[in-house]
Amino acid sequence: MDTLLGIKGDGFVLLAADASAARSILVFKTDQDKIAPLDSHKLLAAAGPNADCSNLTEYVQKNMALYEFNNDLKLGTHAAANFIRRTLATALRKGPYQTNLLLGGFDEKDGASLYFIDYMGSMQKLNFGAQGYAANFTLSIFDREYKEGLSLAEAEEILEKAKKELAVRFLISQPKWIMKVVDKDGVRTL
(Lines give C-alpha, C1' and ligand atoms only; values in the text may rest on other atoms or scores of the structure.)
Protein backbone atom coordinates (compact mmCIF):
# COMPACT_ATOMS: atom_id res chain seq x y z
CA MET A 1 0.00 0.00 0.00
CA ASP A 2 3.02 2.26 -0.39
CA THR A 3 2.83 5.38 -2.52
CA LEU A 4 5.73 7.00 -4.33
CA LEU A 5 5.36 10.15 -6.42
CA GLY A 6 8.02 11.88 -8.49
CA ILE A 7 8.23 14.84 -10.81
CA LYS A 8 11.11 16.32 -12.80
CA GLY A 9 11.36 20.06 -13.16
CA ASP A 10 13.84 22.62 -14.42
CA GLY A 11 17.09 21.32 -12.94
CA PHE A 12 15.62 19.22 -10.12
CA VAL A 13 13.68 16.08 -9.25
CA LEU A 14 11.10 16.15 -6.46
CA LEU A 15 10.17 12.84 -4.82
CA ALA A 16 7.41 12.24 -2.27
CA ALA A 17 6.52 9.09 -0.35
CA ASP A 18 3.89 8.30 2.22
CA ALA A 19 5.42 7.76 5.68
CA SER A 20 3.29 4.77 6.73
CA ALA A 21 4.70 1.33 7.39
CA ALA A 22 1.76 -1.05 7.15
CA ARG A 23 0.96 -4.65 6.40
CA SER A 24 -2.54 -6.01 5.86
CA ILE A 25 -4.83 -4.09 8.24
CA LEU A 26 -2.09 -2.97 10.65
CA VAL A 27 -0.15 0.30 10.63
CA PHE A 28 3.19 -0.24 12.38
CA LYS A 29 4.50 3.31 12.22
CA THR A 30 3.82 6.62 10.50
CA ASP A 31 7.32 8.07 10.21
CA GLN A 32 8.97 5.66 7.78
CA ASP A 33 11.39 7.40 5.39
CA LYS A 34 11.11 5.54 2.07
CA ILE A 35 13.43 7.91 0.17
CA ALA A 36 17.12 7.12 0.62
CA PRO A 37 20.10 9.09 -0.69
CA LEU A 38 22.36 6.92 -2.85
CA ASP A 39 25.05 9.59 -3.00
CA SER A 40 25.22 13.37 -2.89
CA HIS A 41 23.10 13.80 -6.05
CA LYS A 42 20.83 10.74 -6.24
CA LEU A 43 17.67 9.70 -4.38
CA LEU A 44 16.00 6.29 -4.45
CA ALA A 45 12.37 5.97 -3.35
CA ALA A 46 11.36 2.35 -2.65
CA ALA A 47 7.94 0.76 -2.16
CA GLY A 48 7.26 -2.81 -1.11
CA PRO A 49 8.03 -5.10 1.81
CA ASN A 50 10.33 -3.32 4.28
CA ALA A 51 12.99 -6.03 4.23
CA ASP A 52 13.25 -6.02 0.42
CA CYS A 53 13.31 -2.22 0.25
CA SER A 54 16.02 -1.78 2.87
CA ASN A 55 18.13 -4.69 1.56
CA LEU A 56 18.03 -3.45 -2.04
CA THR A 57 18.64 0.18 -1.08
CA GLU A 58 21.64 -0.69 1.10
CA TYR A 59 23.02 -3.04 -1.57
CA VAL A 60 22.83 -0.29 -4.20
CA GLN A 61 24.31 2.35 -1.86
CA LYS A 62 27.27 0.16 -0.91
CA ASN A 63 27.98 -0.98 -4.46
CA MET A 64 27.88 2.57 -5.79
CA ALA A 65 30.32 3.64 -3.05
CA LEU A 66 32.56 0.67 -3.87
CA TYR A 67 32.51 1.54 -7.58
CA GLU A 68 33.48 5.13 -6.78
CA PHE A 69 36.26 3.97 -4.45
CA ASN A 70 37.69 1.48 -6.98
CA ASN A 71 37.41 3.70 -10.07
CA ASP A 72 37.60 7.22 -8.62
CA LEU A 73 34.46 7.95 -10.62
CA LYS A 74 30.83 8.38 -9.56
CA LEU A 75 28.07 6.61 -11.45
CA GLY A 76 25.76 8.96 -13.30
CA THR A 77 22.03 8.73 -12.80
CA HIS A 78 21.51 6.75 -16.02
CA ALA A 79 24.29 4.31 -15.07
CA ALA A 80 22.84 3.93 -11.55
CA ALA A 81 19.39 3.23 -13.03
CA ASN A 82 20.86 0.55 -15.29
CA PHE A 83 22.76 -1.01 -12.37
CA ILE A 84 19.55 -1.16 -10.30
CA ARG A 85 17.58 -2.56 -13.24
CA ARG A 86 20.20 -5.24 -13.81
CA THR A 87 20.26 -6.11 -10.10
CA LEU A 88 16.47 -6.58 -10.06
CA ALA A 89 16.47 -8.59 -13.30
CA THR A 90 19.19 -10.90 -11.97
CA ALA A 91 17.38 -11.33 -8.66
CA LEU A 92 14.22 -12.49 -10.46
CA ARG A 93 15.79 -15.93 -10.96
CA LYS A 94 17.39 -16.22 -7.52
CA GLY A 95 15.48 -14.37 -4.80
CA PRO A 96 13.40 -11.52 -6.19
CA TYR A 97 13.08 -8.15 -4.50
CA GLN A 98 9.41 -7.19 -4.48
CA THR A 99 10.35 -3.55 -4.75
CA ASN A 100 9.11 -0.78 -7.01
CA LEU A 101 11.35 2.26 -7.31
CA LEU A 102 11.63 5.85 -8.42
CA LEU A 103 15.20 7.08 -8.93
CA GLY A 104 15.88 10.79 -9.15
CA GLY A 105 19.25 12.36 -9.77
CA PHE A 106 21.18 15.34 -11.04
CA ASP A 107 24.29 15.16 -13.23
CA GLU A 108 26.38 18.13 -14.36
CA LYS A 109 26.32 16.99 -17.98
CA ASP A 110 22.74 15.67 -18.32
CA GLY A 111 20.87 17.70 -15.70
CA ALA A 112 17.98 16.24 -13.71
CA SER A 113 16.45 12.86 -14.55
CA LEU A 114 13.76 10.61 -13.11
CA TYR A 115 13.56 6.83 -13.65
CA PHE A 116 10.69 4.42 -13.01
CA ILE A 117 11.95 0.91 -12.15
CA ASP A 118 9.62 -1.92 -11.20
CA TYR A 119 10.21 -5.21 -9.42
CA MET A 120 10.41 -7.10 -12.75
CA GLY A 121 13.46 -5.12 -13.80
CA SER A 122 11.84 -2.82 -16.35
CA MET A 123 13.09 0.76 -16.45
CA GLN A 124 11.82 3.93 -18.07
CA LYS A 125 13.03 7.53 -17.99
CA LEU A 126 10.13 9.94 -17.50
CA ASN A 127 9.07 13.43 -16.49
CA PHE A 128 6.68 12.29 -13.75
CA GLY A 129 5.78 8.97 -12.21
CA ALA A 130 3.96 7.17 -9.45
CA GLN A 131 4.27 3.74 -7.86
CA GLY A 132 1.55 1.90 -5.97
CA TYR A 133 -2.24 1.89 -6.12
CA ALA A 134 -2.19 5.67 -5.83
CA ALA A 135 -0.92 5.87 -9.41
CA ASN A 136 -4.53 5.22 -10.50
CA PHE A 137 -5.51 8.58 -9.00
CA THR A 138 -2.41 10.72 -9.46
CA LEU A 139 -1.14 10.09 -12.98
CA SER A 140 -4.08 11.97 -14.51
CA ILE A 141 -3.23 15.00 -12.33
CA PHE A 142 0.42 14.84 -13.37
CA ASP A 143 -0.58 14.47 -17.02
CA ARG A 144 -2.88 17.50 -16.86
CA GLU A 145 -0.64 19.77 -14.76
CA TYR A 146 2.88 18.92 -15.97
CA LYS A 147 4.70 21.26 -18.34
CA GLU A 148 8.35 21.53 -19.37
CA GLY A 149 10.50 23.80 -17.21
CA LEU A 150 8.51 23.54 -13.96
CA SER A 151 9.80 25.52 -11.01
CA LEU A 152 10.15 23.83 -7.62
CA ALA A 153 7.14 25.76 -6.28
CA GLU A 154 5.00 24.59 -9.23
CA ALA A 155 6.11 20.98 -8.74
CA GLU A 156 5.27 21.15 -5.03
CA GLU A 157 1.83 22.52 -5.93
CA ILE A 158 1.21 19.60 -8.31
CA LEU A 159 2.24 17.10 -5.61
CA GLU A 160 -0.09 18.82 -3.13
CA LYS A 161 -2.97 18.44 -5.61
CA ALA A 162 -2.13 14.75 -5.98
CA LYS A 163 -2.01 14.25 -2.20
CA LYS A 164 -5.37 16.02 -1.79
CA GLU A 165 -6.90 13.77 -4.46
CA LEU A 166 -5.60 10.73 -2.60
CA ALA A 167 -7.07 12.01 0.67
CA VAL A 168 -10.49 12.27 -0.99
CA ARG A 169 -10.53 9.21 -3.27
CA PHE A 170 -8.10 6.60 -1.90
CA LEU A 171 -9.39 4.04 0.59
CA ILE A 172 -6.09 3.93 2.50
CA SER A 173 -5.32 6.86 4.80
CA GLN A 174 -1.87 8.33 4.19
CA PRO A 175 -1.77 11.34 6.51
CA LYS A 176 1.98 11.96 6.57
CA TRP A 177 4.36 12.43 3.64
CA ILE A 178 8.09 12.93 3.20
CA MET A 179 9.30 15.07 0.29
CA LYS A 180 12.90 15.33 -0.89
CA VAL A 181 14.49 17.19 -3.76
CA VAL A 182 17.74 16.66 -5.64
CA ASP A 183 19.31 19.40 -7.76
CA LYS A 184 22.72 20.92 -8.51
CA ASP A 185 23.17 21.66 -4.79
CA GLY A 186 22.58 18.03 -3.78
CA VAL A 187 19.89 16.28 -1.77
CA ARG A 188 17.63 17.98 0.78
CA THR A 189 14.36 17.35 2.60
CA LEU A 190 11.47 19.79 2.17
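Dipole magnitude for the chain: about 580 debye, using +1 per Lys or Arg Cβ and -1 per Asp or Glu Cβ, origin at the Cα centre.
The distance between label points at D118 and D33 comes to 3.0 nm (points 7 Å beyond Cα on the Cα→Cβ vector).
Computed from backbone phi with θ = phi - 60° and the Karplus coefficients 6.51, -1.76 and 1.60, the 3J(HN,Hα) list for the range 83-97 is 5, 5, 4, 5, 4, 5, 5, 5, 5, 4, 8, 10, x, x, 8 Hz; x is used for glycine and proline.
Normalising by residue count, the chain has a Cα convex hull of 111 Å³ per residue.
Note: relative contact order over the chain, using C-alpha pairs below 8 Å and six or more positions apart, is 33 percent. The H on the amide N of L150, modeled in the peptide plane, is under 5 Å from the matching H of D10, each at least 5 residues off or on a different chain. Placing +1 on each Lys and Arg Cβ and -1 on each Asp and Glu Cβ, with no other charges, gives the range 1-48 a dipole about its Cα centre of roughly 120 debye. When a 1.4 Å probe is rolled over the protein heavy atoms, the share of accessible surface on the chain that falls to carbon and sulfur comes to 51 percent. With the simple model of a label 7 Å out from the Cα in the direction of the Cβ, K62 to I25 spans 3.8 nm.
At a Förster distance of 22 Å, what's the computed FRET efficiency of N70 paired with D110, Cβ-Cβ distance as r, to 0.05?
After rounding to 0.05, the efficiency reads 0.45.
Only aspartates and glutamates eight or more places from K147 in sequence, or on another chain, were considered; those with a Cα closer than 12 Å are D10. Phi-derived couplings, Karplus 6.51 cos²θ - 1.76 cosθ + 1.60 at θ = phi - 60°, listed residue by residue for the range 112-121: 7, 8, 10, 10, 9, 10, 9, 5, 8, x Hz, with x used for Gly and Pro.
Sequentially through the range 56-66, phi angles give Karplus couplings (6.51, -1.76, 1.60; θ = phi - 60°) of 5, 4, 5, 4, 5, 4, 5, 5, 5, 5, 5 Hz, Gly and Pro residues having no value and appearing as x. Between the alpha-carbon centres of the range 15-31 and the range 110-173 there is a gap of 18 Å. Scanning residues 5 or more positions from T3 or on other chains, those with amide H under 5 Å from its amide H are D18, with H placed 1.01 Å from N in the peptide plane.
Bridgeable lysines around K62 (alpha carbons under 16 Å apart, same-chain partners fewer than 8 residues away excluded): K42, K74. Near D107, once Lys and Arg are set to +1 and Asp and Glu to -1 for all other residues with Cβ below 12 Å from its Cβ, the sum equals 0. Accessible surface area normalised per residue over the chain is 52 Å², counting heavy atoms of protein chains with a 1.4 Å rolling probe. Over the range 89-190, Cα pairs under 8 Å with separation of 6+ residues give a relative contact order of 21 percent. Multiplying the residue separation of T90 and E148 by 0.36 nm and removing their Cα-Cα distance gives an extension gain of 17.4 nm. Among the GluC sites (Glu not before Pro) within the range 118-190, those in coil by DSSP and having at most 15 neighbouring Cβ atoms inside 10 Å are E148.
The values are calculated or read from the model by the stated rules, or taken from the named source; none is laboratory data. Keep in mind that this is a model prediction, so the values were computed, not measured. With ideal geometry, Cβ positions are generated from the backbone for all residues, glycine too; neighbour counts draw on all protein chains shown. Accessible surface is based on the protein model in full, side chains and every heavy atom, while ligands, DNA and RNA are left aside. Shrake-Rupley method; radii C 1.70, N 1.55, O 1.52, S 1.80 Å.
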